[in-house]
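Below is one structure, written out as structure tokens, with a few remarks after it.
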Amino acid sequence: MSPAEQLLRELIAIPSVNPAFVPPGHPHAGEQRLATFIAESARKGGLEVEMQSVIDDRQNVIARLTPQGRVTRRIILAPHMDTVPCADDKQLTPEFKGGKLYGRGACDTKGSLAVFLQTMLDLAKADKRPKETEIVLAAMVDEENAQGGSRIFGGTGFQADLAIVGEPTRLRVVTAHKGDIWLRLQTRGKAAHGSRPDLGRNAVLEMAKVVQLLETTYANKLKEKKHPLLGHGTISVGSIWGGNQPNIVPDHCEITADRRTLPGETEKRVLQEIRELLNSQKLRADLLDFKGLDSPPLETKEDNEIIKDLMTEARQHRPAGVDFFCDAAILSQAGITSVVFGPGDIAQAHTSDEWILVRQLNTAGSILRRYFDRQP
Ligand SMILES: [Zn+2]
């Protein structure tokens with residue numbers, strides 16, 4: 001068994017469910033046990049460790065492998081420590097079957113965490129390692145919910161030449177992902193007795209037209225604009241509620257929707273285009289302020305040696321894009337050039353039988369070792 005696989009087994013056995021997804025005091029809640037384990041392992045291996053407070057008692061772990069000489073380059077390895085809830089307690093017991101290691105977090109993103117940390121521990125003991133490149137593990141809390149970890153980390157003004165954000169990309173170097181805006185719309189009608197609908201104005205009927213418009217006309221319009229790596233933006237109506245009971249004409253209806261954006265699309269412009277579309281159809285719906293978090297798209301230019309080196313080692317000619325949002329956009333917005341890279345496939349993330357191919361986990365380690373061999 002490779003040291004990375006051994007480490008991943010240990011990480012899976014330590015629950016680190018994002019506290020936003022389980023009741024307070026739940027035995028699996030929180031990243032702190034895992035953070036302590038990582039900090040101890042890193043210290044034992046000779047890395048310099050610092051804990052960064054994020055929210056309540058939740059901390060990012062920052063572990064540095066500093067070269068003896070002058071630092072001329074800094075590369076961050078940034079996986080996240082939190083997971084979604086376990087489907088059952090069995091997901092905390094790593095299980096190997098048919099080349100796959102099963103367990104919660106196996107690919108999202110304890111696989112990346114294990115291989116990133118192990119690579120640094122191996123380099124710390126190696127005769128040959130970069131002379132001027134500082135490697136920093138930034139193990140983040142809260143990626144799965146509000147990205148508190150990367151927002152706090154980015155907010156400190158940390159300077160680096162590149163952040164490699166660990167997510168299951170099947171070992172592809174990803175330079176673009178979509179952004180996300182949550183929308184809330186409301187229609188107002190006039191209540192009346194159910195026997196005299198002619199005296200009222202039905203807010204549910206009005207909203208039905210809005211939903212139809214968003215899911216057909218608007219969705220089709222989004223297909224016209226394509227990004228070379230990401231395809232087109234999307235809209236999906238996610239919830240609806242309105243009215244109270246059968247015998248009252250409803251005077252209120254509300255929906256929420258999820259709009260995935262392309263690089264270049266801002267929240268302001270998206271709201272504007274939806275307003276114009278509603279007006280053009282004379283639909284009276286209010287676009288309510290949705291106090292969501294800013295979740296911008298990622299678009300990193302790959303014309304950069306430090307990224308090209310990684311693509312070369314990953315045997316990749318062109319960068320890739322993914323649909324899912326992650327910490328990379330947050331770090332990028334904070335001024336750190338960021339890409340996404342890691343073992344595993346997003347198709348297994350969040351599933352009740354999450355797994356990772358052990359072969360891929362080990363290949364990730366080889367790619368990173370060769371990549372760091374190229375660094376000054
Ligand atoms: Zn996830």
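The values are calculated or read from the model by the stated rules, or taken from the named source; none is laboratory data. These figures come from a predicted structure and were not determined experimentally. Every residue, glycine as well, gets a Cβ built from its backbone with ideal geometry; the counts of neighbours run over all protein chains shown. Each accessible area value is taken on the protein alone, full model and side chains, heavy atoms only, with ligands, DNA and RNA left out. Shrake-Rupley method; radii C 1.70, N 1.55, O 1.52, S 1.80 Å.
For the full complex of protein chains and a 1.4 angstrom probe, list H80, H193 by accessible area with the highest value first.
H193, H80
Enumerate by residue number the GluC sites (Glu not before Pro) in the range 173-245 meeting two conditions: DSSP loop (anything except H, G, I, E, B), and at most 16 other Cβ atoms within 10 Å of the site's Cβ.
Filter output for the range 173-245: E224.
Carbon and sulfur together cover what percent of the accessible area of the range 279-376 at a 1.4 Å probe radius?
Carbon and sulfur together cover 44 percent of it.
Leaving out ligands and nucleic acids, and using a 1.4 Å probe, what accessible area per residue does the chain come to in Å²?
46 Å²
GNM on the chain, C-alpha springs below 10 Å: top fluctuator among A208, A257, A78?
A208
Counting helices only, and only those DSSP H runs with n ≥ 4, report the 222 nm mean residue ellipticity of the chain as the sum of -39,500 (n - 2.57) divided by its residues, in deg cm²/dmol to the nearest 500.
Helices in the chain give a 222 nm mean residue ellipticity of -8500 deg cm²/dmol.
Calculate the spin-label point distance for R33 paired with E215, positioning each point 7 Å from the Cα along the beta-carbon direction, and give it in nanometres.
Rounded to a tenth, the inter-label distance reads 4.2 nm.
Taking the DSSP beta bridges in the chain as the whole, what percent of them are antiparallel, to the nearest 5?
The antiparallel proportion sits near 75 percent.
If I take R0 = 25 Å and measure r between the Cβ atoms of A146 and T351 in this structure, what FRET efficiency does the formula 1/(1 + (r/R0)^6) give, to the nearest 0.05?
Calculated transfer efficiency: 0.65.
Restricting to Cα pairs below 8 Å that are 6+ residues apart, what does the relative contact order work out to for the chain? Please round to a whole percent.
Computed value for the chain: 24 percent relative contact order.
Using Stokes-Einstein with the Kirkwood hydrodynamic radius over Cα pairs, what translational diffusion coefficient do you get for the chain at 20 °C and a viscosity of 1.002 mPa s, in µm²/s rounded to a whole number?
Reported coefficient: 96 µm²/s.
Excluding R284 itself, what net charge comes from residues whose Cβ is under 13 Å from its Cβ, given Lys and Arg +1 and Asp and Glu -1?
So the surrounding residues net to +3.
Restricting to DSSP loop positions (anything but H, G, I, E, B) with no more than 11 other Cβ atoms inside 10 Å of their own Cβ, which chymotrypsin sites (Phe, Trp or Tyr not before Pro) remain in the range 94-146?
Loop-located and lightly packed - none at all.
For C253, C86, what's the largest-to-smallest order of accessible area, 1.4 Å probe?
From most exposed to least exposed: C86, C253.
Amide H to amide H, which residues 5 or more places from N202 or on other chains are under 5 Å from it, using H placed in the peptide plane?
Amide H neighbours of N202: K190.
Principal axes first, then extents: for the Cα atoms of the range 193-279, list largest minus smallest coordinate on each axis, whole Å, largest first.
55, 22, 20
Hey, rough spin-label estimate for D323 and R196, points 7 angstrom out along Cα→Cβ, what's it come to in nanometres?
Roughly 5.0 nm, to one decimal.
Output wanted: per-residue J couplings in Hz (rounded whole) for the range 131-147, from phi through Karplus 6.51 cos²θ - 1.76 cosθ + 1.60, θ = phi - 60°, x for Gly and Pro.
Rounded to whole hertz, the list is 8, 10, 9, 8, 10, 10, 8, 10, 8, 9, 8, 6, 4, 5, 10, 10, 6.
At q = 0.11 Å⁻¹, what base-10 log of I(q)/I(0) does the Debye formula yield for the range 90-234 when every alpha carbon is treated as an equal point scatterer in vacuo?
For the range 90-234 at q = 0.11 Å⁻¹, log10 I(q)/I(0) is -0.75.
If amide H atoms are built 1.01 Å from N in the plane of the peptide, which residues on other chains or at least 5 residues away come under 5 Å of the amide H of A163?
I76, T337, S338, V339
Over all pairs of distinct alpha carbons, what does the Kirkwood formula give as the hydrodynamic radius of the range 282-376, in Å?
16.3 Å
Rg and Dmax of the range 249-331 over Cα atoms: what are they, in angstrom?
So, for the range 249-331, Rg and Dmax equal 19.0, 64 Å respectively.
Can you pull the accessible area of K221 for me, 1.4 Å probe, Å² to the nearest 10?
100 Å²
Hey, what do the phi angles of the range 327-340 turn into as Karplus ³J(HN,Hα) couplings, whole Hz, using 6.51/-1.76/1.60 and θ = phi - 60°, x for Gly and Pro?
Along the range 327-340, the couplings run 4, 4, 5, 5, 5, 4, 5, 7, x, 9, 4, 9, 10, 10 Hz.
Give, as a single signed number, the net charge of other residues whose beta carbon lies under 10 Å from the beta carbon of D251, with Lys and Arg counted +1 and Asp and Glu -1.
Combined, the nearby Lys, Arg, Asp and Glu give +3.
Could you order T109, T256 by accessible surface area, starting with the largest, using a probe radius of 1.4 Å?
T256, T109
What angle do you read, to the nearest 10 degrees and between 0 and 90, between the alpha-carbon axis of helix 358-373 and the longest principal axis of the chain?
Here the helix axis deviates by roughly 60 degrees.
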